[in-house]
Amino acid sequence: MPSARASASPSLALIKYWGKQPGGVNIPATTSVAVGLHALRTTTEVEGEPSPAGRSPAARLSIDGVEQLITPFEAVIAAVREHAERAGSRYSAYDLTIDSRNSFPTAAGIASSSSGFAALVGSLATFFELDLPDQEMSALARTGSGSAARSVFGGFTRLDAGSRKASRIHPADHWPQLRVLVAITDRAPKAVGSREAMERTRRSSPYYDAWVSDSVSLVDEAIAAIGERDIERLGTAMRASYLRMTGSMLAADPPVIYWIPQSVAIIRLCEELRASGIHAWETMDAGPQVKILTTTDDTPAIRAALESSGAVVGVLESEIGGEPSWRVG
Ligand code: 2P0
């Protein structure tokens with residue numbers, strides 16, 4: 001049985017994508033700036049066998065060993081299959097069995113959809129023996145999940161408002177000292193998916209338009225800070241982005257509240273750490289986990305503070321990187 005495997009890392013947004021533009025699938029309303037989390041990985045394996053004559057090729061997909069409803073994945077699989085048909089791939093009409101595994105909690109606000117859809121597109125393209133340009137891989141991954149467009153690149157990336165594909169700003173070695181600590185406060189999958197939450201915010205939050213127009217100013221600020229490797233400047237822009245995004249969610253009807261008491265405890269802890277001169281800059285996404293941007297010098301102090309806080313059930317640490325497997329060989 002032919003098979004292929006690919007892996008990708010989650011893309012952590014420093015400046016957030018939250019809201020979609022009309023006129024396409026997952027076209028972002030705000031420009032996001034992100035980093036690849038090198039230590040976290042989704043690995044996806046595709047196996048195929050010829051489909052029986054007389055019916056269209058089918059696919060099944062499991063995540064961490066649990067079979068999923070195929071609907072959310074169908075469009076991406078069909079789009080990569082179309083490329084395979086056009087390229088004359090010998091496997092284009094095969095039935096597929098797809099097995100995806102995360103090295104971190106799934107659907108809990110650690111951007112599993114970014115690495116998940118990037119690894120899915122990567123494993124399918126590898127299976128069908130396609131050699132598509134990065135930009136096309138990014139556009140395909142975006143149709144699965146907006147943030148997945150960024151996971152097709154490692155290092156520092158951006159996905160522009162209105163754009164079909166992400167691009168790389170800098171390779172990972174631009175800022176080797178940068179680290180992300182993921183403070184896991186709750187491992188349970190979230191009650192409201194980010195797609196629904198985003199759409200609810202767009203439809204019903206009186207602050208949505210303000211969030212979208214304001215987010216523009218943070219993009220240039222973050223990119224300049226990354227260019228200068230200025231953690232305080234980057235952290236300040238990053239903090240504004242997640243708090244303003246959260247403000248727009250809180251004002252939705254019904255409100256979207258991902259924070260739990262432990263999340264707030266860690267936000268406060270970061271404030272205290274900064275007051276004592278430690279670079280602990282937090283951000284949050286569509287879930288209760290808190291991600292802390294810092295540098296190698298301050299990582300041990302933050303880790304120790306998190307571990308004695310009583311607010312975390314686990315801490316993951318990552319450097320920046322996360323090149324997808326099909327681009328590093
Ligand atoms: C981001 N998030 O930029 C933002 C910040 C969460 C908060 O992208 O509907 O799963 O699949 O395009 O990418 C999470 O949303 O949404 C996300 P879809 P996605 O990383």
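The values are calculated or read from the model by the stated rules, or taken from the named source; none is laboratory data. It should be emphasised that the depicted structure is a prediction, and the values quoted were computed from it without experimental measurement. Please note: Cβ atoms are built from the backbone with ideal geometry, for glycine as well, and neighbour counts cover all protein chains shown. Accessible surface is based on the protein model in full, side chains and every heavy atom, while ligands, DNA and RNA are left aside. Shrake-Rupley method; radii C 1.70, N 1.55, O 1.52, S 1.80 Å.
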query = What single numbered condition from (1) open to solvent by less than 40 Å² (accessible area, probe 1.4 Å); (2) of a type in the set (Asp, Glu); (3) within 16 Å of the ligand (Cβ to nearest atom) fails to hold for residue 74?
reply = (1)
query = Taking the range 120-156 only, how many residues are assigned to a helix (DSSP H, G or I) and within 14 Å of the ligand (Cβ to nearest atom)?
reply = 13
message = For the range 242-292, which positions are part of a loop (DSSP other than H, G, I, E, B) and among the hydroxyl-bearing types (Ser, Thr, Tyr)?
response = 258, 276
key: Qualifying positions in the range 1-41 - part of a strand (DSSP E or B) and closer than 16 Å to residue 238 by Cβ   = 11, 12, 13, 14, 15, 32, 33, 34, 35, 36, 37
query = Among all residue pairs at least 6 apart or on different chains, which show Cβ distances below 6 Å where the first residue, located in the range 142-163, is under 17 Å from residue 110 (Cα atoms) and the second is acidic (Asp, Glu) and away from the ligand (no atom under 12 Å from the Cβ)?
reply = 154/323
ask   = Quick check: anything in the range 159-181 part of a helix (DSSP H, G or I), farther than 30 Å from residue 302 by Cα, more than 10 Å from the ligand (Cβ to nearest atom) and at pLDDT 95 or above?
value = no
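Being free of Cβ contacts under 8 Å to residues at least 40 places away in the same chain and open to solvent by 30 Å² or more (accessible area, probe 1.4 Å): is that true of residue 82 here?
Yes, satisfied.
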ask   = Regarding residue 220, is this residue more than 14 Å from the ligand (Cβ to nearest atom), open to solvent by 30 Å² or more (accessible area, probe 1.4 Å) and at pLDDT 95 or above?
value = yes
inquiry  = Let me confirm something: among 290, 256, 264, 312, which residue is touching a residue at least 60 places away in the same chain (Cβ under 8 Å) and open to solvent by 20 Å² or more (accessible area, probe 1.4 Å)?
reply    = 312
task = Could you check how many residues of the range 72-101 are among the hydroxyl-bearing types (Ser, Thr, Tyr) and closer than 19 Å to residue 42 by Cβ?
result = 2
task = Output yes when any residue across the range 6-13 is closer than 28 Å to residue 321 by Cβ and not small (Gly, Ala, Ser), and no when none is.
result = yes
task = May I ask you to list the residues in the range 276-329 that are under 20 Å from residue 238 (Cα atoms), of a type in the set (Asp, Glu) and in contact with a Gly (Cβ under 7 Å, 6 or more places away or on another chain)?
result = 285
request  = Would you point out the residue of the range 1-47, among those that are farther than 29 Å from residue 244 by Cα and surrounded by fewer than 22 Cβ atoms within 10 Å (Cβ to Cβ), that is nearest to the ligand (Cβ to nearest atom)?
outcome  = 43
